[in-house]
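Note sheet for the following structure.
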Amino acid sequence: MRVLNYLDFERYLGSSGITTAASHQRRALAGRGVEVETSPWDGRNPLTASLSNLGTDSVWTDFDVAHCNLIGPGSIAVARHAKRQDIPLILHSHVTREDFQESFRGSNQISKPLGRYLRWFYSQADLVLCPSEYTRRVLESYPVSAPIRPMTNGVDLDALDGYEKFQASAREKHDLDGVVVFAVGQVFERKGLTTFCRVAQQTPYDFAWFGPYSTSPLASKTVKRWTQNPPENVTFTGWVEDIREAYGAGDIYLFPTKTENQGIAVLEAMAAGKAVVIRDIPVFEEFFTDGEDCLKAETDAEFREAVERLAENPELRERLGENARETAEQHSLDRVGEELVSVYRALLDGDDPIEA
C-alpha cells in the first residue's frame, strides 16, 4: 500500500502543531507495510515535476490513498486529482474556524469566510479525520457533509526520552530557579497568553513560555504587548532547538488555552510526568480528568490557586504527574499507526472507515 501523507507549505511551518501531527502519522506508519510518499508531485514541486515529465501524461507520483493535512492550494490539487483518478481521499482537519481566531492580527475577521471555505473543502473528502469528538461536533455544525472520524494526534513518547538531563542547563540558560511554571508552543492569545502572564504577576514563581512568537506586522497587539514588556518573572524563550529543554526545566505545565482541537503539547507534558493545569473547555473533557491527571480552571483566580496549590505540594505534583504519564501512554504512536492502517484498508476495500 502506498499512501500520500501530504502537508502544504511544510518547509515553512516550522514546529507547528500541524507539522508535529503529520510527523506523528509518518512515524506511526513506519514498519507497518505502508510506503509513505510526502509529495504528490513526481519531482520536488509542480514546476520540477512538469519539467521532469515532459512528454508524459502526468506530473503526479503514484499513490493508493491521499491523506492531506492542511487546507492550501496543493491539497486542493490533490483532492481534485484523487477524485478524477478514483483514489480514496482523506482530509485531516487540523484547522477550524474556531481555533483560527486570536492567532494573528485580523484572524477574527478572516475566520467567518474561512468557515465557509472549510465547509466546502472538507466536504470533498471520502473521510475527514479530526483529533477529537469536540472537533467532529464543530465540523458537523458548519455543516461538513463528509463522514468524520475522530483520531488522536498521538504523542511521541520516545522523542521525549532524556528530557531530565536538560534541567540544569535549561534553567541556567533561561535564568530559571525554584518551582518553574511553563508553557510550550507558538505564543498566541488563543493559547491563554494573557492569563499566563496575569497569573505570573500574582505569584512569586518563575514562568517560562518555550516557543516562537511573531514580531512582524501580522502579530497581534496582545502578543506584542506581553512579549515586548513581560512581567519580571516571565521569560519568553523564543525558538528552542530541542523541546526537551522545556520539559526538563519546567515543573508545572500551565495551559490556559481558550480553544483546542486536542492539544499535543499537553500530551507531551503529561508524557514527561509533569503536573498539568488546563482550562476547563469541552475538548479536554474527553481526554483528561480534573484531580486525577490534571487540574482544571476557568478564571484567572482559579488558575492562580491551582498553580499555588501545586507549587506548595510536591506530593500532589508527583501523583498528578504519574497519572498524567499513564494518560499520555494511551495516545501512543502505536495506536495512531493501527488506526491509520485500518482506515486506509477500509477505504481501499470499500468498507466503512468509521467502523474500521
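The values are calculated or read from the model by the stated rules, or taken from the named source; none is laboratory data. Everything quoted here is computed from the prediction, not taken from an experiment. Reconstructed Cβ throughout: ideal geometry from the backbone, glycine too, with neighbour counts over all protein chains shown. Surface accessibility is based on the protein's heavy atoms, side chains included, excluding ligands, DNA and RNA. Shrake-Rupley method; radii C 1.70, N 1.55, O 1.52, S 1.80 Å.
Got a sec? Which of E241, E315 is open to solvent by 40 Å² or more (accessible area, probe 1.4 Å) and modelled with pLDDT under 95?
E241
Mind listing whichever residues of region 73-109 are out of contact with any Ser or Thr (no Cβ under 9 Å at 6 or more places or on another chain) and of a type in the set (K, R)?
Within region 73-109, R80, K83, R84 qualify.
Just for region 113-134: of the residues that are open to solvent by 10 Å² or more (accessible area, probe 1.4 Å) and out of contact with any strand residue (DSSP E or B) (no Cβ under 8 Å at 6 or more places or on another chain), which one is nearest to N261 (Cα to Cα)?
By that ranking, first place goes to Y134.
Regarding A208, is this residue in a strand (DSSP E or B) and either out of contact with any Lys or Arg (no Cβ under 9 Å at 6 or more places or on another chain) or open to solvent by less than 60 Å² (accessible area, probe 1.4 Å) (or both)?
Considered against the rule, which asks whether it is in a strand (DSSP E or B) and either out of contact with any Lys or Arg (no Cβ under 9 Å at 6 or more places or on another chain) or open to solvent by less than 60 Å² (accessible area, probe 1.4 Å) (or both), A208 comes out as yes.
When you go through E292, E329, E308 one by one, which is the residue that is touching a residue at least 60 places away in the same chain (Cβ under 8 Å) and closer than 26 Å to M151 by Cβ?
That would be E329, the only listed residue that is touching a residue at least 60 places away in the same chain (Cβ under 8 Å) and closer than 26 Å to M151 by Cβ.
The conditions are (1) touching a Pro at 6+ places or on another chain (Cβ under 8 Å); (2) under 19 Å from A170 (Cβ atoms); (3) in a loop (DSSP other than H, G, I, E, B); (4) not aromatic (F, W, Y), and E241 fails exactly one of them. Which is it?
For E241, the exception is condition (1).
Select from region 260-295 the residues that are open to solvent by 20 Å² or more (accessible area, probe 1.4 Å), in a strand (DSSP E or B) and out of contact with any Pro (no Cβ under 9 Å at 6 or more places or on another chain) and list them in ascending order.
D290
Here is a check on your reading of the model: is V223 open to solvent by less than 50 Å² (accessible area, probe 1.4 Å) and within 22 Å of T20 (Cβ to Cβ)?
The answer is yes for V223.
Just name the residue that is farthest from A328 (Cα to Cα) out of those in region 296-305 that are in contact (Cβ under 8 Å) with a residue 24 or more places away in the chain and open to solvent by 10 Å² or more (accessible area, probe 1.4 Å).
Residue satisfying both the conditions and the ranking: D300.
Please verify whether G14 is within 16 Å of the chain's Cα centre (by Cα) and surrounded by fewer than 17 Cβ atoms within 10 Å (Cβ to Cβ), treating the condition exactly as stated.
yes
Take L193 and decide whether it is of a type outside the set (S, T, Y), under 27 Å from V283 (Cα atoms) and in the same structural domain as T257 (by the TED database).
yes
Between residues in region 101-129 that are on the phi > 0 side of the Ramachandran plot and assigned by the TED database to the domain that holds S141 and residues that are among the charged types (D, E, K, R) and open to solvent by 10 Å² or more (accessible area, probe 1.4 Å), which pairs lie under 6 Å by C-beta distance while being six or more apart or on different chains?
Going by the 6 Å Cβ cut-off, the qualifying pairs are E102/E189; E102/R190.
Where residues in region 320-356 are of a type in the set (S, T, Y) and part of a helix (DSSP H, G or I), which of them is surrounded by the fewest Cβ atoms within 10 Å (Cβ to Cβ)?
Only one residue tops the list, namely S342.
Report, by residue number, each residue of region 135-166 that is within 24 Å of G14 (Cα to Cα) and surrounded by 15 or more Cβ atoms within 10 Å (Cβ to Cβ).
Hits for region 135-166 are T135, M151, T152, N153, G154, V155, D156, L157, A159, L160, Y163, F166.
Quick test for you: out of T203, T227, pick the one residue that is part of a helix (DSSP H, G or I) and either within 22 Å of the chain's Cα centre (by Cα) or in contact (Cβ under 8 Å) with a residue 40 or more places away in the chain (or both).
T227
Any idea how many residues of region 1-20 are under 19 Å from A79 (Cβ atoms) and either among the small types (G, A, S) or outside any loop (DSSP other than H, G, I, E, B) (or both)?
Qualifying residue count for the region: 7.
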